[in-house]
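Q: Below are the structure tokens for one structure; questions will follow.
The values are calculated or read from the model by the stated rules, or taken from the named source; none is laboratory data. Quick caveat: nothing in here was measured; it's all calculated off a predicted structure. A quick note on method: Cβ atoms are made from the backbone with ideal geometry, for glycine too, and the neighbour counts reach across all protein chains shown. For the accessible areas, the whole protein counts, side chains as well, though only heavy atoms, and no ligand, DNA or RNA atoms are used. Shrake-Rupley method; radii C 1.70, N 1.55, O 1.52, S 1.80 Å.
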Amino acid sequence: MTLPFRMNALWKTYFVIALMSIVFTLAATFVDWQRIEDRARSELNYSNGLVSHSIHNLFDKHELLLELLGNRLLEIGVTDQIKSSNLLDTFLTANPELGGLGLALPSGQLIVTSSNLAKAKDNLLDKEETLKSFKQSLSTNKMVVGRTYYVPALKQWLIPLRKRIVDKNGRTVAVMTSGITFNFLKGTLSDQSNRSNADVSLVREDFYRQYVSVAPQSDYQRVFQTPLAENLIQQISKTMKEQVGFGLDFLKSQHKGERVTFYVKNYQGKLALGSLKYDEKYHFYSSVWVEKALIVNKLYERLFWYVILLLLFNVSLYFLFRVNMDSQNESHQELEFQAMHDQLTKLPNRRYLLEAFDAWKHANKNGFAVFFIDLDSFKNINDLYGHSVGDRVLLEVSTRVVANFDNCLCVRQGGDEFIILTHSNERVHNLNACRNFLTHLYKPFVLDGFEFSLKASLGVVQYPNDGRQLDELLSKADMAMYEAKRLRCGFFPYSEGLQEKTQRIAVIERELIHALEREEFFIVYQPQFNATSKKMIGVEALLRWDNPSLGFVPPDEFIAVAESIGLIHDIGLFVFETALTEFINVCHITNKNREKLRLSVNVSVQQLFHPSFLESISQLQKRHDCSAIELMVEVTESLFIDDVGLAKKILLALRGKDIQVSLDDFGTGYSSLGVLSGLPINELKIDKTFVDNILNNSQDLQLIKSIISLGNGLGIPVIAEGVEQAEQVSTLSKNGCDFFQGYYFSKPLNKADLITFILK
């Protein structure tokens, strides 16, 4: 008599689940739309950032070029048309993005042009499209960007750039004028916007368009010679205010540099999502747009599969309920649950994992990740507060594990260990999941009046890359977890050779503890040279370790270990003490009325932030007569991700002690122009990895050019390390590198060899 009731209950459950699946599909569709739209906004903002940054940098570059060109014209005389024209042609050849160059008197009359504009002797005050920008250039020292217009002599459209030339009395003697070709700009901006398949527009603050990517060439005359209609501007500003809270004027005055996204009709009159930004220096709006229909199409693609999955799910669910109508009774299910789950946390246990692993592999054929979690110092909780409190802490941890790893298989291994199987095999996604979990886990909670903030260590392995069997994966995940504990880094992904590396690190750690007292460390010195005079300017002190058991151990192996066991400060002081003693003696022996040589010493971030670092440096300066040398410390870019404020304070204190600062491995880390301009940096050091490839890698060469240009702009000398070939020397010299260091000039030398090297 209970069967009809059971059948009724099961079918009710079926209809509830079916209804929930529909609701879930609708909710997932809504969430997907939000995600798609948010992603579109992010991509548009990213593309707009690239576009505005590219244009701003392009204008910055040409403002500097016009400044240099103007100064050169003053030197040779602006009225010398032959020399001036030749100089303009030289600059034009070096900058193919320019359509032409010209020099005009304050009256607007062009007096000199590049050879491709030889017939263009117009007066810039006579044309409407050039009048306003030319007048503006007469009253400002900044470069003025004019309206886009067509140049018949070149048969192409240009964005004009103008900058006045003033004499030493501040009197305007002429105006430099140039123009960026429309084709160059179109190629540059199309590269920046391809990522989001978006359209790009640049509009001046007077609402004349400077660039519209979708405008056909036949429409250029109307597009660039006619400003946006007043009613259209008002409509855009109104729409923008409704969606983001402020209009165009407020964006220009109060939200400088901010990118905002909103829906509005685009150039073709279609509803589009756009990102808008105002550049206050060059007074233009950059906008990147994508039609809403293209965004909606992405949702339709997902919705199609959602509907298919919904139908498959409900059909499968129907047959599942039919097949399981006479399934096992509730008591059997409870017994099975108890056998497969942890009694305390109710999470699946190791037996469950063993049973489910093959099914999980089958369901995730493309791969997945396994996380092995171990709480840090959990034993102390049991010892201090008792096992009952410890059990409640584990319940809270299990709750946070399940909440953080939603839709994953969460298993309690036993004790304070948990195992997570994810659906994702993407490395970045999985590492971000670890990072988010540790942040969530560390949030404090209170039990019996005691506040707890927990930390854990996670090992990460990938199936099938790191193994195919469960035992193998868990073993490697456990190994990676212990590496995370050793490094105190929270989580660590397994990699090939980790077992051997772990064993070697253990040996290095054991030997390193006694290396100082056994006098196993020594210093070598690699000379540095002036790029112009080829004279030696100083040396970099390099630490070496020769251990009886391990042999020669590279610094990149033992420095990290020294930091992890707290020895780096003592080793760093040894380097300073030894290098100062030996190098000051070298300078006294080799002194021939030469200029002071400098001694560069590497300082790790951990050593720099040590509480007694500055005091130790002061004591070293008192013990050694440093008047015969210049002392410099080398720090890496990782300094800026720890504590920029403290770093700046320490570096300023070093400057107060007449110690210079070199920024080592520049270009490999986190530095930015904003950070550099605010720190007391005396030198930029180009990393060897870039120097190695400058002869066959245009990107590395361009990066080095940018670093040198940045250094020149900030008045900071640039040194290249790892220079090993004559061709590298020639290329770096040609591009303005100030100093060299590398095997082409000299390998690292001990004290005796350094003396011989200097005296020869």
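Q: For the chain, restrict the atom set to alpha-carbon positions and state the Rg and Dmax in Å.
A: Rg and Dmax of the chain, Cα atoms, are 34.2, 113 Å.
Q: Moving on. How big is the convex hull of the Cα atoms of the range 547-615, per residue, in Å³?
A: Output value, Cα hull per residue: 131 Å³.
Q: Right, another one. Considering only protein heavy atoms and a 1.4 Å probe, what is the carbon-and-sulfur percentage of the accessible area of the chain?
A: 53 percent
Q: Given only helices, namely DSSP H runs of n ≥ 4 each adding -39500 (n - 2.57), what is the per-residue ellipticity at 222 nm of the chain, to the nearest 500 deg cm²/dmol?
A: Values: 26 runs with 380 residues, N = 760.
That calculation yields -16500 deg cm²/dmol at 222 nm.
Q: Going from most exposed to least, what order do GLU258, GLU683, GLU595 have by accessible area with a 1.4 Å probe?
A: These residues rank, largest area first, as GLU595, GLU258, GLU683.
Q: Taking the square root of 5 times each eigenvalue of the Cα gyration tensor, what semi-axes in Å does the equivalent ellipsoid of the range 99-162 have, largest first?
A: Working from the Cα gyration tensor, I get semi-axes of 18, 13, 11 Å.
Q: Here's another thing I want to ask about it. Report the convex hull volume per residue for the range 401-544, counting only C-alpha atoms, in Å³. Write down the numbers at each step before the final one.
A: Numbers: hull volume 33.7 nm³, N = 144.
Residue-normalised Cα hull volume stands at 234 Å³.
Q: From largest accessible area down, sort ASP383, ASP126; use a 1.4 Å probe on the protein chains.
A: ASP126, ASP383
Q: State log₁₀ I(q)/I(0) for the range 447-523 at q = 0.14, 0.25 Å⁻¹ as given by the Debye formula over alpha-carbon point scatterers of equal weight, solvent excluded.
A: Results for the range 447-523 at q = 0.14, 0.25 Å⁻¹ read -0.62, -1.09.
Q: What is the percent of Cα-Cα separations in the range 212-364 that go past 25 Å?
A: 61 percent
Q: Rounded to whole Å and ordered largest first, report the semi-axes of the equivalent ellipsoid of the range 291-448 derived from its Cα gyration tensor (root of 5λ).
A: 34, 25, 14
Q: Accessible area per residue for the range 216-368 in Å², computed with a 1.4 Å probe and the full protein assembly in place, what is it?
A: About 62 Å² of surface per residue is accessible.
Q: Right, another one. If you average 1/r across every pair of different Cα atoms in the range 56-106 and take the reciprocal, what Kirkwood value do you get, in Å?
A: Taking the inverse mean of 1/r over all distinct Cα pairs, the range 56-106 comes out at 11.4 Å.
Q: Find the accessible area per residue for the range 1-145; the probe is 1.4 Å, ligands and nucleic acids are left out, and the unit is Å².
A: Numbers: 7990 Å² over 145 residues.
Here the residues of the range 1-145 average 55 Å² of exposed surface.
Q: For the range 492-541, what is the Kirkwood hydrodynamic radius in Å, using each pair of distinct C-alpha atoms?
A: Values: mean 1/r = 0.0681 Å⁻¹.
Computed over the range 492-541, the radius equals 14.7 Å.
Q: Rounded to the nearest 5, what % of DSSP beta bridges with both residues in the chain are antiparallel?
A: Here the antiparallel bridges make up roughly 75 percent for the chain.
Q: What figure, in Å² to the nearest 10, do you get for the accessible area of LEU749 with a 1.4 Å probe and non-protein molecules left out?
A: 20 Å²
Q: So what is the relative contact order for the chain, in percent, with contacts set as C-alpha pairs under 8 Å and at least six apart? Can you show the working numbers first?
A: On the way: 1133 pairs, mean separation 52.3, N = 760.
It rounds to 7 percent for the chain.
Q: Follow-up question, since we're still on this one. Return the lysines within reach of LYS534: Cα separation strictly under 25 angstrom, same-chain partners fewer than 8 residues apart disregarded; answer none if there are no such residues.
A: Within reach: LYS592, LYS596, LYS685, LYS688, LYS705, LYS734, LYS747, LYS751, LYS760.
Q: Still on this structure, I have one more. Measuring with a 1.4 Å probe in the full set of protein chains, what accessible area per residue, in whole Å², belongs to the range 429-527?
A: 52 Å²
Q: Please arrange MET240, MET340, MET20 by accessible surface area, largest first, computed with a 1.4 Å probe and ligands excluded.
A: MET20, MET340, MET240
Q: Give me the one-decimal Kirkwood hydrodynamic radius in Å for the range 596-661, with the sum taken over alpha-carbon pairs.
A: By the Kirkwood definition, the hydrodynamic radius is 12.4 Å.
Q: If I ignore ligands, DNA and RNA and count only protein heavy atoms, how much of ARG504 is accessible to a 1.4 Å probe, in Å² to the nearest 10?
A: Here the accessible area works out near 80 Å².
Q: Here's a follow-up. How much accessible surface area, in Å² rounded to 10, belongs to the heavy atoms of ARG392 with a 1.4 Å probe?
A: Its heavy atoms expose roughly 100 Å² to the probe.
Q: Okay, moving on. Using only the alpha carbons, work out the radius of gyration and Dmax of the range 501-609 in angstrom.
A: Both quantities, over Cα of the range 501-609: 16.1, 53 Å.
Q: Something else about it: Nearest 20 debye, what's the magnitude of the dipole of the chain about its Cα centre given +1 on Lys and Arg Cβ and -1 on Asp and Glu Cβ?
A: It comes to approximately 2860 debye.
Q: Hey, another quick one. Taking a quarter of the surface of the convex hull around the Cα atoms of the range 126-169, what do you get in nm²?
A: 3.7 nm²
Q: Please report, in Å, the Rg and the Dmax of the range 534-670, where both are computed over Cα atoms only.
A: When restricted to Cα atoms, the range 534-670 yields Rg and Dmax of 15.6, 45 Å.
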